[in-house]
Number of protein chains: 2
Amino acid sequence: MSDLSITRLDSQQDDFAAELDRLLAWESVSDGKVNQIVDEILGRVKAEGDAAVVEYTNRFDRLQVESMAELEMSQERLHNALDNLPAEQRQALETAAERVRGYHERQKGESWQYSEADGTMLGQKVTPMDRVGLYVPGGKASYPSSVLMNAMPAKVAGVAEIIMVVPTPDGEVNELVLAAAALAGVDRVFCVGGAQAVAALAYGTETVPKVDKIVGPGNIFVATAKRAVFGAVGIDMIAGPSEILVVCDGKTDPDWIAMDLFSQAEHDEDAQSILVSPDADFISAVEASINKLLPTMERKSIIDVSLRERAALIKVKDMDEAMEVTNRIAPEHLELSVEDPESLVPKVRHAGAIFMGRYTAEALGDYCAGPNHVLPTSGTARFSSPLGVYDFQKRSSLIMFSAEGASEMGKVASVLARGESLTAHARSAEYRIKKD
Amino acid sequence: MSDLSITRLDSQQDDFAAELDRLLAWESVSDGKVNQIVDEILGRVKAEGDAAVVEYTNRFDRLQVESMAELEMSQERLHNALDNLPAEQRQALETAAERVRGYHERQKGESWQYSEADGTMLGQKVTPMDRVGLYVPGGKASYPSSVLMNAMPAKVAGVAEIIMVVPTPDGEVNELVLAAAALAGVDRVFCVGGAQAVAALAYGTETVPKVDKIVGPGNIFVATAKRAVFGAVGIDMIAGPSEILVVCDGKTDPDWIAMDLFSQAEHDEDAQSILVSPDADFISAVEASINKLLPTMERKSIIDVSLRERAALIKVKDMDEAMEVTNRIAPEHLELSVEDPESLVPKVRHAGAIFMGRYTAEALGDYCAGPNHVLPTSGTARFSSPLGVYDFQKRSSLIMFSAEGASEMGKVASVLARGESLTAHARSAEYRIKKD
């Protein structure tokens, strides 16, 4: 195998900003054809319910079922999957679940209120959603860890019912996924996928209950369907390909860094792995490690494409510049493989998760560190957050005016409402002004 | 004027659930034509920048400007608007701004971290967005209170730059809106609107800086454009028509309740006002007040259509049933016009804002109570929250493993990664396991 050619950039080159932009450019386009197919599926499931879901599932997943009931998996079946796991896997899954629960408990929002001098009370009431839907992809992208990461925050938030959908093309079932669903406390599981599963969750059918929010990754049909039902139900972010940015001072074992880059690249050909370092020799050493280790990797063909097409090795002047590049990228995963990561963290404005120090491999965060592995991709860390308990809670404002407070504020509201020509607003407020 | 015919429902009628569903049904449809126009505008602004924005603005707002520079409003101009306000309006606006700031300060999220026994640290870092865009409609829906409500949470969150866009059709400027922008600390104002303004904020042009998130209400072109750019930037919820649900025990002055219902209905013909009470005589009394007061209202023609087409007076068995109806509706505004509202609040699972007691007119919340008036509409309170400081902050997970912690968790991650056939993940974790 000849040496991999990976893009190398230097922050001192004239066209660095433009080249970096080009490297990062990513657009997931739902073309007209996809939109049309999804619109038809959404429309038919909305109108025909179970019958349409069954028909699409038989067609796309090559099944021969006659009713939605056949597509529901029993709690007994889920718990069998958990009970039948090899001890080592079950132990690992339980450790992960416990750590994820512990971290997420700290994200729980609490209601608060306060009183003003005249007895007026203001506050914010926090409540969980009633019911959420969890999309789990079928086939090779079906990860038990993702079931935990999506279901646990909802559980911790206090969501009463979690409905999972997972396609089983040709009847193929992933036992680990079922085990994770049992462990996470998923309430019902339907073996459906694609836009038809999103539609069933968003609109409800005779059998599938309508949910308040849909989370979880999926292919372009699932993403397009989620975007289309947004508003009727809540959705999480629409994920792009996974990416990692490793910032290294040049003193971590280059084999470790190469493997950390591989761990993103092996996800899929579109995944992006970037190394930033002020040490040119170290960059070359990592490149040598990449070429040495790649032939030994099980998923080398995926890694090969991903690194050739989307990776970059970036030489910067110093760590301050490394932080500038970091904030420009706003990476999903940021690995600070340096001696004193705590000194760099205050300079990071945008990142999904920050993995600090040489021991903190990003892969640990994917499974069992505790924080969520569902993170904002493609630079969306500029405005969004890891999936969390806050995604399954919502807030209601509380306002209770005393007679005195209503009278005083009625005067203010009256002036402002009349300034906006909303005189019913003004008169409603004025009724509460005390007559002298 | 003959008496208004308002829908009356009784929870005891056989078809109550179906009739309630029919009453609440609302779908904002972006038809194919709108989508096509918006797509073209987005594409041209993305490709041509300022030139396209200027061209569309001249066309749609009937202006004759030659450059984007002419469409920017100076800080001096904003501050002149504030300085020239009548004293009473300025005082009212300042009181409102101060109360809104005070409430929102309590929403600010703070970073946290904790350590485990082996020295591993986990945490969550909270940071503001760098730059946000605020859409303000032109014409009659241009409200200074909305400028405060959208800009202040961003300011409190610590957003460094707030860019406001507001169309000025035929050159018409709303001085109160400019004054509110000055008071709220908006950094730059461009006199552009529609899909072209959303595109400029989402993609950036030579003159308009690209933002991280776009908030604020707009017409169907603005809503469609926001939906289309979602993902490239963050957006707030896409708002439906405003609605109020008044729950009354029958002991509030019926004129007050009628006026509270009017204060929603006057927004626009699609606005929805609903009264729920266990007291049939009181419902009739409110209806009489409606018919008595309507002829005196400045916006009676809007109120008339809104009440005829979308309002309802609902008789329930008791207050428990009133709370069931409330949770089914998940109203944007919930007024609990009862003796002891605090006893009902625990039963409210879904509502944007809860106005407690006879004195707490919803109109007070629109202007100066403190909580935000941008609230989830059309039942979306089931899964979303009032606009808040949390909408302008984002979180990054922090993970720093000790050597000991990485070794222990490396074993767990290795098992789970191999279960998912992600061997680069496994080997990356295994490098950090201590050799005995």
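We did not get these values from a lab; they are worked out from the coordinates using the rules stated. Source: prediction; values computed, not measured. Here Cβ is always computed from backbone atoms with ideal geometry, including for glycine, and neighbour counts include all displayed protein chains.
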Apply the Karplus curve 6.51 cos²θ - 1.76 cosθ + 1.60, θ = phi - 60°, to the phi angles in region B:187-192 and return the couplings in whole Hz, x for Gly and Pro. 8, 9, 10, 10, 8, 9
Taking H as built 1.01 Å from N, whose amide H comes closer than 5 Å to the amide H of B:I214, not counting residues under 5 places away? B:G133, B:G234, B:I235, B:D236
Could you list A:E332, A:E27, A:E420 in order of exposure, starting from the residue whose Cβ has the fewest other Cβ atoms within 10 Å? A:E27, A:E420, A:E332
For the residues A:F190, B:F221, what sequence is obtained by ranking on other C-beta atoms within 10 Å, fewest first? B:F221, A:F190
With a point put 7 Å past each Cα toward its Cβ, work out how far A:S115 is from A:R77 in nm, to one decimal. 5.6
At 7 Å along the Cα-to-beta-carbon direction for both B:N291 and B:Q64, put a label point, then send me their distance in nm to one decimal. 5.6
Quick one: work out the % antiparallel among DSSP beta bridges in the protein assembly as shown, nearest 5. 25
Give me the one-decimal nm value for the distance between modelled label points at A:D318 and B:S343, 7 Å along each residue's Cα-to-Cβ direction. 6.9
In deg cm²/dmol, rounded to the nearest 500, the helical mean residue ellipticity at 222 nm of the protein assembly as shown, built from -39500 (n - 2.57) for every DSSP H run of length 4 or more, is -13500 deg cm²/dmol
Using the Cα gyration tensor of chain A, with a ≥ b ≥ c the square roots of its eigenvalues, what is the shape: rounded (a/c below 1.5), prolate (a/b larger than b/c) or oblate (neither)? oblate
Would you pull out the residues with amide H under 5 Å of B:E243's amide H, same chain only if 5 or more places away, H placed 1.01 Å from N? B:Q272, B:E332, B:H333
Residue by residue through region A:358-375, what is 3J(HN,Hα) from phi via Karplus (6.51 cos²θ - 1.76 cosθ + 1.60, θ = phi - 60°)? Round to whole Hz and write x for glycine and proline. 5, 7, 8, 4, 4, 4, 5, x, 5, 10, 9, 5, x, x, 6, 9, 8, 10
Residue exposure sequence - B:D61, B:D83 - by fewest surrounding Cβ within 10 Å: B:D83, B:D61
Amide proton proximity set for A:V189, modelled H, under 5 Å, gap of 5+: A:M73, A:M164
Considering only B:P331, B:A312, B:S301, whose Cα is most displaced toward the positive end of the charge dipole of region B:291-342, charges sitting on Cβ of Lys, Arg (+1) and Asp, Glu (-1)? B:S301
Using a Gaussian network model on chain B with a 10 Å cutoff between Cα atoms, which of B:A232, B:A18, B:A271 fluctuates the most? B:A18
Let me make sure I get this right: for the protein assembly as shown, a, b and c are the square roots of the gyration tensor eigenvalues over alpha carbons, sorted descending. Under 1.5 in a/c it's rounded, otherwise prolate if a/b > b/c, else oblate. Which is it? prolate
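Among rounded, prolate and oblate, which fits region A:1-89 when a ≥ b ≥ c are the square roots of the eigenvalues of its C-alpha gyration tensor, a/c under 1.5 means rounded, and a/b larger than b/c means prolate?
Values: a/c = 3.70, a/b = 1.66, b/c = 2.22.
Verdict is oblate for region A:1-89.
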From the backbone phi of region A:121-136, what are the Karplus-calculated ³J(HN,Hα) couplings (6.51 cos²θ - 1.76 cosθ + 1.60, θ = phi - 60°) in whole Hz, Gly and Pro given as x? 10, 10, x, 9, 9, 10, 9, x, 5, 6, 8, 10, x, 10, 8, 10
Let me spell out the model: positive unit charges on the Cβ of Lys and Arg, negative unit charges on the Cβ of Asp and Glu, origin at the Cα centre of chain B. What dipole size does that give, in debye rounded to 20? 1640
Shortest first and in nm with one decimal, please list how far the A:E72 label point sits from its counterparts in the other copies (point 7 Å along Cα→Cβ). 6.1
Only Lys, Arg, Asp and Glu count, each charged at its Cβ (+1, +1, -1, -1), so figure out the dipole size of region A:383-436 about its Cα centre, rounded to 20 debye. 120
In whole angstrom, note down how far apart the Cα centers of region B:324-362 and region B:258-297 are. 17
